[in-house]
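Everything below concerns the one structure shown next.
The values are calculated or read from the model by the stated rules, or taken from the named source; none is laboratory data. Quantities reported herein were computed from a predicted structural model and do not represent experimental measurements. Virtual Cβ from ideal backbone geometry, glycine too; neighbours counted across all protein chains shown.
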C-alpha cells in the first residue's frame with residue numbers, strides 16, 4: 001500500500017477527485033457533505049493500473065481546518081496537489097505548499113481539476129511557477145475533470161508512476177500517529193492512523209505515547225479487511241485492549257516499548273523560516289499539534305519548549321505554524337531530543353555554534369563524542385543508530401553506557417590524579433569511597449568507577465575504597481611513635497590494657513587505633529580495649545595450665561587482668577574455638593596446639 005495525501009485550496013475538488021478515482025466517499029461526516037467541504041480527514045483507496053494500492057488521505061483545504069490538514073499530511077511521503085483550472089493558485093494552495101516544503105515531501109502529482117471549466121494549461125503553468133525552486137518542482141501534471149470524465153486514466157497512470165518511484169519506508173521502529181479514535185460496540189476502543197514505519201501485528205504490546213500506558217493490539221483492519229499484521233506504509237484501524245476511549249486522542253501515537261522517548265524540549269534547525277517569527281507557535285509533528293515557546297539561538301537554530309511531550313526522533317521533520325497570523329512560520333529538522341541545559345553565560349551562543357556543525361541525520365559516533373557519556377537506551381529512544389564497533393573511534397561500552405574513548409582516557413587520568421591527592425590528604429584511609437570518586441568525575445553511576453578500575457592494573461577497589469595498588473594505610477610519625485610505645489608495653493604485659501582515656505592522652509585517637517587494627521598492629525576486643533594480635537593465643541596457652549574446667553574469675557587471676565579485658569577476650573576465644581563453655585560459669589580449653 002502507498003499512502004498519498006491530498007493538498008490544495010478549499011473547494012478545488014479534492015474530495016470529488018478522490019471519489020472519482022476510488023468510487024468511495026471520503027467525506028465521512030454529514031456536516032461535510034451538507035457544506036460541500038472537507039472538515040476532518042477522510043480516507044479512500046483504489047488499485048492503480050500497475051496493481052499497487054493507493055490510499056488517499058483527503059485533507060481539508062479551508063483555513064479554519066488547517067490543523068486537520070497538517071495532521072493528514074504529516075505522516076505521509078507523497079501528495080496529490082489539486083488546483084482548480086477555473087480559479088488557479090489560491091491562498092490555501094500556498095499554505096499547503098509551505099507545509100509540504102517544511103515537511104520535506106518530495107514526491108507528488110499535480111492534478112488540475114475542472115479542466116472543462118477553465119484553461120488547464122494556464123493553470124498548470126501558473127502552478128509550476130509557484131512550484132519552481134521547491135522539492136515538488138517538476139512533478140507530473142495532469143488536467144482532469146471528474147464531471148466530464150476526462151483525464152482520469154492519465155491521472156491514474158501518473159499516480160502509478162509516482163508510487164513506483166517512492167522510496168521504501170524507513171527502517172525505523174514502529175510508530176502509528178493516531179488521527180481518529182472511536183468505540184465500536186463489542187470491540188471497544190479503535191484508533192486509525194498511518195503506519196509510517198515498522199510493523200504491527202495482532203497481540204503486540206505497544207505504548208500509547210506520550211503516556212507510558214501499555215496497550216495490546218486486539219485486532220487490525222486495513223482497507224476495511226481484517227488482517228493479522230501490517231507493515232509500513234499502511235492505513236490501519238487498530239482495536240486496542242487496555243485503554244478507554246477518553247484516554248486516547250489525535251496526536252498520540254502507538255509505538256514499540258523503549259523505541260521512542262516522550263520529549264518536551266527540542267533543539268531544531270529551522271527550514272525556510274519566515275522573516276518574523278513569534279514566540280508562541282504551534283508545532284505540527286505527525287498528527288500532533290502542540291503549543292510551543294521558541295528561543296532563537298541564531299537565524300536557523302532554536303530551542304522549542306513544548307506544552308506537552310511528543311514521541312519524535314532526531315532527524316525528523318516537522319513544522320511551526322503561527323496561529324495568530326495563520327501561516328507556516330518555519331519548517332524544522334529535529335537535531336537533538338536530549339539537549340543540554342543552558343545555565344551559564346554564553347551557553348546559548350556556544351550551543352548555536354555546536355548545532356551549526358550537527359548533521360541532519362543523527363550519527364552515533366558524533367552523538368557520543370558530543371555528550372561524552374550516554375546510555376544506549378537513550379540513544380535508541382532518540383532514534384540514533386547503533387555505533388560501528390570496529391572503528392578507531394569506537395566508544396567504550398560499559399553495560400548500558402556508551403563512553404567516548406577520549407573522555408574515557410581523560411577520566412582515567414583524572415581518577416589517578418585524584419586518588420593520589422586523596423591518599424596524600426588521608427594517609428590512614430587512602431582508599432577514596434566509590435561515591436566520592438564518581439562525584440569527582442561527574443558520574444551518576446558509581447559502576448563506571450568500577451569499570452575504570454578494572455581497565456587498569458594500577459588501581460584496585462575494595463572495602464577500603466578506590467586506591468592505587470601500591471598504596472596502603474599509614475600513620476603519622478608522632479602516632480607511629482605512640483603506637484610503638486603501646487605495643488612495647490603490651491608485649492611486656494599483654495593483659496594489662498590501658499584505659500581509653502589513657503590511650504587518648506598518649507595521642508592515639510579512635511581513628512589512629514582503627515588504622516592500626518587495619519595494618520594488623522593491634523587487635524580490637526571491645527570499645528577502647530586493644531591488645532596485640534597474638535594475645536588470644538597466649539591467653540589460651542596460659543589457661544590451659546589451669547584445672548579444667550575453669551571459671552572466668554580463675555582465668556582473670558591467672559592472666560593478671562581485669563574483667564573489662566577478660567570478658568571480651570574469652571568471648572573471642574570461644575568464637576575462634578580455642579575455648580568452649582561447659583555450663584553458664586565454666587569453660588575448657590579445646591586445642592592449644594592450634595592457637596596461632
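Within the bounds of the range 362-385, is there any residue that is assigned to a helix (DSSP H, G or I), farther than 26 Å from residue 411 by Cα, touching a residue at least 60 places away in the same chain (Cβ under 8 Å) and outside the structural domain of residue 336 (by TED's automatic domain parsing)?
From the range 362-385, those assigned to a helix (DSSP H, G or I) are 364-371, 376-381; that's our starting set.
Applying the additional criterion that residues be farther than 26 Å from residue 411 by Cα yields 381.
Right, trim to touching a residue at least 60 places away in the same chain (Cβ under 8 Å) and you get 381.
If we keep only those that are outside the structural domain of residue 336 (by TED's automatic domain parsing) as well, we get 381.
Within the range 362-385 (the criterion being assigned to a helix (DSSP H, G or I), farther than 26 Å from residue 411 by Cα, touching a residue at least 60 places away in the same chain (Cβ under 8 Å) and outside the structural domain of residue 336 (by TED's automatic domain parsing)), the answer is yes, since at least one residue qualifies.
Could you figure out which of (1) touching a residue at least 60 places away in the same chain (Cβ under 8 Å); (2) over 23 Å from the mean Cα position of the chain (by Cα) isn't true of residue 338?
Status for residue 338: all satisfied but (2).
Which one of 189, 183, 194, 172 is touching a strand residue (DSSP E or B) at 6+ places or on another chain (Cβ under 7 Å), in contact (Cβ under 8 Å) with a residue 40 or more places away in the chain, assigned to a strand (DSSP E or B) and surrounded by fewer than 19 Cβ atoms within 10 Å (Cβ to Cβ)? Outline the logic, then answer.
On the way: 189 fails: surrounded by fewer than 19 Cβ atoms within 10 Å (Cβ to Cβ); 194 fails: surrounded by fewer than 19 Cβ atoms within 10 Å (Cβ to Cβ); 172 fails: assigned to a strand (DSSP E or B).
The conditions single out 183.
Let's see how each residue does on (1) closer than 27 Å to residue 337 by Cα; (2) more than 21 Å from the chain's Cα centre (by Cα):
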{"position": "187", "(1), (2)": "no, yes"}
{"position": "248", "(1), (2)": "yes, yes"}
{"position": "252", "(1), (2)": "yes, no"}
{"position": "278", "(1), (2)": "yes, yes"}
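May I ask you to verify whether residue 41 is at pLDDT 85 or above and either surrounded by fewer than 18 Cβ atoms within 10 Å (Cβ to Cβ) or in contact with a strand residue (DSSP E or B) (Cβ under 9 Å, 6 or more places away or on another chain) (or both)? So that I can check it myself, show each step before the final result.
Numbers: at pLDDT 85 or above: no; either surrounded by fewer than 18 Cβ atoms within 10 Å (Cβ to Cβ) or in contact with a strand residue (DSSP E or B) (Cβ under 9 Å, 6 or more places away or on another chain) (or both): yes.
Criteria not met by residue 41.
Has the range 257-279 got any residue that is within 29 Å of residue 185 (Cα to Cα) and either surrounded by fewer than 21 Cβ atoms within 10 Å (Cβ to Cβ) or modelled with pLDDT of 95 or more (or both)?
Yes, some residue in the range 257-279 is within 29 Å of residue 185 (Cα to Cα) and either surrounded by fewer than 21 Cβ atoms within 10 Å (Cβ to Cβ) or modelled with pLDDT of 95 or more (or both).
Give the number of residues within the range 232-250 that are at pLDDT 90 or above and farther than 18 Å from residue 188 by Cα.
0
Within the range 284-309, track down each residue that is touching a helix residue (DSSP H, G or I) at 6+ places or on another chain (Cβ under 9 Å), in a strand (DSSP E or B) and closer than 21 Å to residue 100 by Cβ.
284, 288, 289, listed by residue number.
Among the candidates 458, 450, single out the residue that is in contact with a strand residue (DSSP E or B) (Cβ under 9 Å, 6 or more places away or on another chain) and surrounded by 15 or more Cβ atoms within 10 Å (Cβ to Cβ).
On the way: 458 fails: surrounded by 15 or more Cβ atoms within 10 Å (Cβ to Cβ).
On inspection, the qualifying residue turns out to be 450.
Would you be able to say whether some residue in the range 264-283 is under 20 Å from residue 195 (Cβ atoms) and assigned to a strand (DSSP E or B)?
no
Limited to the range 199-225, what total is found for residues that are under 30 Å from residue 24 (Cα atoms) and either at pLDDT 90 or above or in contact with a helix residue (DSSP H, G or I) (Cβ under 7 Å, 6 or more places away or on another chain) (or both)?
Qualifying residue count for the region: 8.
Would you kindly identify the strands (runs of 3 or more DSSP E) lying entirely within the range 399-469 that contain at least 1 residues that are in contact with a helix residue (DSSP H, G or I) (Cβ under 9 Å, 6 or more places away or on another chain), modelled with pLDDT under 90 and within 29 Å of residue 519 (Cα to Cα)?
Once the strands (runs of 3 or more DSSP E) in the range 399-469 are filtered for at least 1 residues that are in contact with a helix residue (DSSP H, G or I) (Cβ under 9 Å, 6 or more places away or on another chain), modelled with pLDDT under 90 and within 29 Å of residue 519 (Cα to Cα), what remains is 459-462, 465-468.
Conditions tested, residue by residue: (1) in contact with a helix residue (DSSP H, G or I) (Cβ under 6 Å, 6 or more places away or on another chain); (2) on the phi < 0 side of the Ramachandran plot; (3) outside the structural domain of residue 90 (by TED's automatic domain parsing).
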{"site": "123", "(1), (2), (3)": "no, yes, no"}
{"site": "127", "(1), (2), (3)": "no, yes, no"}
{"site": "130", "(1), (2), (3)": "no, yes, no"}
{"site": "133", "(1), (2), (3)": "no, no, no"}
{"site": "136", "(1), (2), (3)": "no, yes, no"}
{"site": "141", "(1), (2), (3)": "yes, yes, no"}
{"site": "144", "(1), (2), (3)": "yes, yes, no"}
{"site": "149", "(1), (2), (3)": "no, no, no"}
{"site": "153", "(1), (2), (3)": "no, yes, no"}
